[in-house]
Amino acid sequence: MKNVAILATENCILSTIAAPMDMFLQAGVLWNITMGEPPRPEFEVKIVTADGQPITALNNIPVIPKCSMHEVAEVDLIVIPSQGFFYDIESDVHRERVEWLSGWYDKGADLASICAGAFVLASTGLLDGRIATTHWGLANQFRKLFPKVELRTDLMVTEEERLFCGGGITADLNLSLHLIEKYCGRETALRGSRCMLVDPDRTSQAIFAAFIPKKDHEDDKILRAQELIEGRFKENIKMETLAKQAGTSLRQFNRRFKSATGETAVKYLQHTRVEAAKILLVTSSRAFDEIAPMVGYENVSFLRRVFKSSTGTTPAEFRRKFGNFD
């Protein structure tokens with residue numbers, strides 16, 4: 001039986017504590033009971049806090065732990081729930097948790113983060129040079145704080161060297177399923193997915209993501225170029241024109257743009273156009289052939305390829321998923 005500790009902290013999102021706990025505790029239990037077989041639990045799960053005292057989850061919900069994290073004598077997996085936007089990497093309790101997590105990793109425990117829990121996991125330095133994920137809306141903040149981490153917010157779940165990450169809040173279910181498969185085998189995981197109604201094929205969060213331009217840099221000329229792209233994306237914008245307006249060579253402009261925004265100017269324009277196409281797909285009944293020129297593309301096939309690359313799905317599938325049309 002595997003021992004799991006869920007490290008709860010103030011303002012944790014309750015579902016990222018409760019959902020993994022339910023998934024692990026039901027492994028080998030719910031399916032067996034449903035099929036008239038004796039339950040064979042695979043995990044022992046406990047909630048712990050830094051000092052062993054209750055914490056208050058988001059929305060003022062009290063969470064009572066089993067013990068302090070320092071009282072944990074044996075653990076195979078430590079789960080770090082999401083704190084949403086309430087993480088504070090400068091606090092004393094944060095540093096204490098980071099030291100504790102690093103110590104257990106050195107002893108052989110696996111570490112798993114959910115959503116913004118990746119900020120805590122990355123603070124250990126263990127993710128440097130490794131693949132990780134978090135919620136797509138936190139990508140800019142994460143990259144600024146942890147530039148050495150290979151962030152993949154297109155992925156729902158990542159795994160490298162006993163370090164696991166789940167993307168958004170509900171990715172806790174997919175992450176738990178992934179871990180159940182790792183520890184107990186695919187058959188147990190698939191049984192869990194069927195009983196708990198968790199889609200095992202949900203591997204990407206790209207379809208949910210929106211493009212969030214990075215503008216917290218100090219390059220005023222690049223910021224002006226961003227504003228021009230966003231205001232005139234329907235037009236045939238030339239990169240040479242943007243470079244000239246910025247008073248630089250094209251090569252220097254491209255280098256500065258990528259350094260400031262994390263994207264090339266061409267990619268930035270593509271992302272801006274795709275976001276406009278998404279809005280038209282879900283708010284209008286226009287055919288995609290009509291939408292393409294409205295967002296700056298005469299070549300519909302090219303936009304379709306760019307759209308699929310950005311979202312991981314086709315325009316038609318995107319409309320079916322998010323549109324409000326019969």
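The values are calculated or read from the model by the stated rules, or taken from the named source; none is laboratory data. Nothing here was measured: the structure is a model prediction, and the numbers come from that model. FYI the Cβ positions are ideal-geometry reconstructions off the backbone, even for glycines, and counts take in every protein chain you see.
A search for C-beta distances below 6 Å between a residue of segment 88-117 that is not assigned by TED's automatic domain parsing to the domain that holds V157 and any residue that is surrounded by fewer than 19 Cβ atoms within 10 Å (Cβ to Cβ) and at pLDDT 95 or above, counting only pairs 6+ apart in sequence or on different chains, returns nothing. In segment 24-63, the residue that is surrounded by the fewest Cβ atoms within 10 Å (Cβ to Cβ) out of those that are under 22 Å from W104 (Cβ atoms) and aliphatic (A, V, I, L, M) is L25.
Counting residues in segment 223-238 that are crowded, with 16+ Cβ neighbours inside 10 Å, in contact with a helix residue (DSSP H, G or I) (Cβ under 7 Å, 6 or more places away or on another chain) and at pLDDT below 95 gives one or more.
Of all residues in segment 120-149, those that are without any contact (Cβ under 8 Å) to a residue 40 or more places away in the chain and of a type in the set (F, W, Y) total 2.
Picking from residues in segment 89-119 that are over 21 Å from K182 (Cβ atoms) and either within 18 Å of the chain's Cα centre (by Cα) or among the aliphatic types (A, V, I, L, M) (or both), the one that is surrounded by the most Cβ atoms within 10 Å (Cβ to Cβ) is A116. Counted as qualifying within segment 83-178 are the strands (runs of 3 or more DSSP E) with 1 or more residues that are touching an Asp or Glu at 6+ places or on another chain (Cβ under 6 Å), namely 110-114, 163-166. Using beta carbons and a limit of 7 Å, which pairs, at least six apart or on different chains, have the first residue in segment 161-173 and in the same structural domain as A132 (by TED's automatic domain parsing) and the second one basic (K, R)? Close Cβ pairs (under 7 Å, with a partner that is basic (K, R)) amount to E161/R130; L163/R130.
Of the helices (runs of 4 or more DSSP H) that lie entirely inside segment 259-326, those containing 1 or more residues that are over 23 Å from the mean Cα position of the chain (by Cα) and surrounded by 18 or more Cβ atoms within 10 Å (Cβ to Cβ) span 265-283, 288-294, 300-311. Tallying residues that are among the aromatic types (F, W, Y) and more than 27 Å from the chain's Cα centre (by Cα) within segment 1-58 yields 1.
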